[in-house]
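Below: the structure, in structure tokens.
The values are calculated or read from the model by the stated rules, or taken from the named source; none is laboratory data. Please read these numbers as outputs of a predicted model, since none were measured by experiment. Neighbour counts run over all protein chains shown; Cβ positions are idealised from the backbone, glycine included. Just so you know, the surface numbers come from the protein's heavy atoms only, side chains and all, with ligands and any DNA or RNA stripped out. Shrake-Rupley method; radii C 1.70, N 1.55, O 1.52, S 1.80 Å.
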Amino acid sequence: MTEVPIAPDERPQRRREYSGPASTLGLAALIIAVVALAIWFFQFRDATSGGASAGGYGVIPEPAGPEPTGKAPSAEQGRLAPNFRLASLDGSSISLADYRGSYVLVNFWASWCGPCRNEAPDLEALSNAGNGHGIAVLGVNQQETPEAARTFATQFELSYSLVLDRDGSVSDAYRVGHGLPVSFLVSPQGVIIKVYLGQIPHDEFARLQKEYAS
Amino acid sequence: MAATAQAANAARPSGLDPFRTIWNLLTNVKFAVVLVGTAAFAGLLGVVFPQLPGPMRTNTAARAAWLEAHRSDFGVFTTPLDRMGLFDVFHTAWFNGLWLVVIIAVTVCTVSRFRPTLRSVRSPVKQVADSYFEHAHHRAAFSHPGGVDAVEGLLQKKRFRVERTRTSDDATYLFAERFSWSQYGTFLSHLALLMLLVGALLTRFAGFDRTLVLADGTPAFPVFDNPGPGQIFVKMLDAHRGTDAAGNVIDFHSDLEVRKGEQVVRCTATVNSPCSAFGYKVHQAAFFNDVANFRVTDSSGHVIYDNVLDFQSQTTAVPVMRVTAPDGSVVFDQELPELDTQIGQAPDHSEDVALSLLSFPKAVGSSEIVSYAVAWRVVENQLRVAVTPPGGNTVEVPEGSPLTVDGYQVDYRGVDTIPAIRVNDMPGAITDDKAVAVQMPTDRSGQPYLVVSGVDADNLFLQANSPVLGQDGYSYAFEGRLDASGISVKRDPGGTFIWIAVAMAMIGLSVTFYVPRRRLWVKVTPARTMMAGIAERTTRFGRELRLMGAALGSDDALLPDDLSDPD
């Protein structure tokens with residue numbers, strides 16, 4: 001005859017049972033891992049990876065030649081500006097390396113950005129100063145449609161080069177987020193001389209014209 | 001004793017088992033109470049102490065400025081409190097770590113409950129020792145006719161599942177149970193707690209909520225802070241405010257274009273009916289009509305300022321004046337914008353006096369203009385208005401009590417708040433800081449116009465689409481008021497979990513408290529029937545057993561109070 005328990009468990013549903021590390025702690029760890037994975041999926045599934053995107057546009061390697069800083073390119077003052085190639089409004093492709101040999105102000109902008117709109121006339125004036133021997137201006141539109149960028153260019157009668165960072169990879173490489181405009185003054189050797197966060201003051205435009213366009 | 005018997009199936013510790021030690025801690029009720037208490041206290045700290053605003057968190061300079069601003073409240077404790085993370089409690093590693101331990105503990109507890117519950121439902125202990133019938137909390141013993149068949153029949157009638165488990169020479173043993181599945185109720189409630197925590201985690205770490213103010217026809221605005229292929233743009237095609245014949249607003253909705261890369265979704269969003277695009281819900285959250293299109297061109301016609309002027313709900317209080325000519329015709333009836341300010345002595349500007357000019361035609365149709373100087377200031381929360389006719393004495397005009405000034409009846413009808421904001425970097429600004437003040441009152445016909453102060457010696461009055469030439473050849477144009485909507489872009493992956501968790505908790509608790517689970521062991525002998533069983537502690541199962549005895553025809557089952565019991 002089998003042994004009969006003296007009494008039944010009065011509240012079995014409230015009992016917790018350790019059935020070994022794998023089936024107790026392991027299962028709990030698995031559940032937590034699945035939830036963490038779900039969170040990661042929701043949070044980072046749209047994360048970008050660097051490098052050139054479709055059509056060869058995006059961040060590209062530096063052109064061959066002497067490396068003036070001895071360090072890898074980075075969007076910081078005193079470092080080589082990350083090279084990129086993007087489509088312009090007329091469909092041609094423009095790279096930052098095309099501006100080697102002259103000063104260039106790389107201006108990240110968008111038409112929804114109020115300060116960018118305020119800054120555009122000054123950028124146009126700067127690009128026109130010096131009769132081609134001053135500072136070139138290269139406007140990098142952040143992820144807008146070509147139509148939006150074209151409307152902006154027409155509205156402010158802009159003649160300087162505008163390129164389209166459609167997937168945001170160049171903005172990402174330059175660590176330019178929502179807070180536009182951001183501008184990088186790049187030397188003829190491709191080194192970032194100055195970083196402007198926000199709208200460049202009128203006085204600074206005057207100084208730039210005086211220093212580089214004369 | 002019971003626990004000892006039941007736990008026989010559980011793995012036993014053999015020597016030093018760190019996993020078992022961890023498990024013991026995580027499933028310890030006292031530890032759980034301490035953990036939840038600490039987490040709740042930490043949350044309370046986050047409510048009591050001022051918390052760093054979100055956008056400042058990653059900005060070192062802004063954070064330092066914020067701390068300095070609060071140094072007057074916390075003095076020398078400011079830095080230590082900051083180091084402990086008490087000004088950013090909900091984002092500290094210790095707070096999140098604490099909740100992580102809570103989640104691990106709840107997960108381990110829930111997992112650890114599953115096996116015993118499953119076993120109890122599917123493989124219950126069907127036989128108990130005879131001594132149990134003498135000592136069980138819920139028990140009854142009585143004599144009755146009919147023997148075991150009668151007992152079995154009665155239990156089945158009462159919806160028990162009955163099983164004969166043992167038969168000996170002098171006794172038959174029965175096992176009966178009803179609603180055994182209700183034991184899952186407790187497990188379900190605990191699972192609900194786990195689901196709730198999972199939902200909260202998903203909302204906290206994977207949720208997104210941002211409100212954009214988008215005006216009609218303005219460029220598409222990005223939703224996320226950082227650029228990338230996942231960036232979504234929202235463009236307002238039409239912020240619609242429908243009114244009925246009486247002018248009451250009866251419908252707010254926004255026609256939107258949502259774009260991600262090359263994909264475009266066009267939809268209409270209302271407050272209660274969001275549109276869905278790219279995994280996000282887009283709601284109408286608010287409606288604004290204090291946005292203006294403003295453009296400045298230079299002397300050569302180049303656009304040098306073309307922007308949407310969002311007054312951001314900033315307003316100023318102005319009087320609404322009505323002037324009635326001696327012939328009884330109303331020659332002025334509208335808001336009076338502020339044209340200048342006389343700065344008072346008080347540093348908080350409470351003594352500042354607003355100045356304006358009440359200009360009206362001498363009579364209806366007349367080109368001759370009469371102008372009265374008007375001044376107002378706030379005194380004890382009331383706007384006090386004074387009027388000075390040319391060459392005359394200043395008189396205060398009480399609200400709602402018209403005065404006759406130089407033959408004109410001047411009525412201060414009340415106070416309106418009109419959109420008003422300072423705009424920096426305005427071309428042609430004559431102020432030192434290049435800022436101008438812009439107000440948007442409405443005229444007598446209800447049409448908005450702009451008053452720009454600071455670009456010229458005189459104020460500019462800009463009617464819609466009628467550019468005005470300022471100094472230095474700049475031309476200023478008000479291109480109309482824009483309707484705008486507050487558009488909320490949301491993603492809450494935890495929302496579904498939370499709804500499921502709430503449903504599970506309700507079902508679990510209802511099952512636990514309201515499903516009458518019974519488990520019963522019966523020993524039937526020719527002389528006597530003994531019943532013992534388990535049910536929730538709140539039930540009077542013993543009385544139920546005695547009533548069953550009475551139903552079987554027993555004379556000795558009931559106790560004196562059993563029948564008189566109101567239950």
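Here are some notes:
- Area hidden from solvent between A and B (accessible, protein heavy atoms only, 1.4 Å, total, Å²): 6000 Å²
- With the charge dipole of the range A:50-212 set up from +1 on Lys and Arg Cβ and -1 on Asp and Glu Cβ about the Cα centre, the Cα lying farthest toward the positive end among the listed residues A:160, A:88, A:198 is that of A:198.
- In the range B:222-246, comparing the full protein assembly with the chain on its own, the residues that lose 20 Å² or more of accessible surface at a 1.4 Å probe are B:222, B:225, B:227, B:228, B:229, B:230, B:233.
- Rounded to the nearest 20 debye, the dipole size of the range B:423-516 about its Cα centre is 680 debye, using +1 on the Cβ of Lys and Arg and -1 on the Cβ of Asp and Glu.
- Relative contact order of chain B, pairs being alpha-carbon contacts under 8 Å that are 6 or more residues apart, as %: 19 percent
- Computed from point charges on the beta carbon alone (+1 for Lys and Arg, -1 for Asp and Glu), the dipole magnitude for the range A:50-212 about its Cα centre is near 280 Debye.
- Dipole of the protein assembly as shown [Lys/Arg +1, Asp/Glu -1 at C-beta], most positive-end residue of B:400, A:27, B:530: B:530
- The residues packed around residue B:321, meaning those with a beta-carbon under 14 Å from its beta-carbon, carry a net charge of -4 if Lys and Arg are +1 and Asp and Glu are -1.
- Overall, the accessible surface of the protein assembly as shown at a probe of 1.4 angstrom is composed of carbon and sulfur to the extent of 56 percent.
- Dipole of chain B, positive end: most advanced residue of B:357, B:347, B:116 [Cβ charges, Cα centre]: B:116
- The range B:37-55 versus the range B:462-539: alpha-carbon centroid distance in Å: 23 Å
- If you run the Gaussian network model on chain A, springs between alpha carbon atoms under 10 Å, then out of A:15, A:85, A:175 the most flexible one is A:15.
- Shape of the protein assembly as shown, Cα gyration tensor, a/c cut at 1.5: prolate
- Cross-link pairs B:126/B:523; A:210/B:434; B:260/B:490; B:235/B:490 - those with Cα-Cα distance over 20 Å: A:210/B:434
- The aspartates and glutamates within cross-link reach of residue B:157, meaning a Cα-to-Cα straight distance under 19 Å and a gap of 8 or more places when in the same chain, are B:149, B:177, B:544.
- Listed residues A:108, A:84, A:41, most fluctuating in chain A (Gaussian network, C-alpha, under 10 Å): A:41
- Rounded if a/c under 1.5, otherwise prolate or oblate - chain B, Cα gyration tensor axes: prolate
- Dipole check for the protein assembly as shown: with +1 at the C-beta of Lys and Arg, -1 at the C-beta of Asp and Glu, and the Cα centre as origin, the magnitude is about 5100 Debye.
- Residue-normalised accessible area of the protein assembly as shown, given per residue in Å² at a 1.4 Å probe: 49 Å²
- Charge context of residue B:427, other residues only, Cβ under 13 angstrom, K/R +1, D/E -1: -4
- A cut-off under 12 angstrom between Cβ atoms defines the neighbours of residue A:136, and their net charge, with Lys, Arg +1 and Asp, Glu -1, is 0.
- Those residues of the range B:300-315 for which accessible area with every protein chain present is at least 20 Å² below the isolated value (1.4 Å probe): B:302, B:303, B:304, B:305, B:306, B:307
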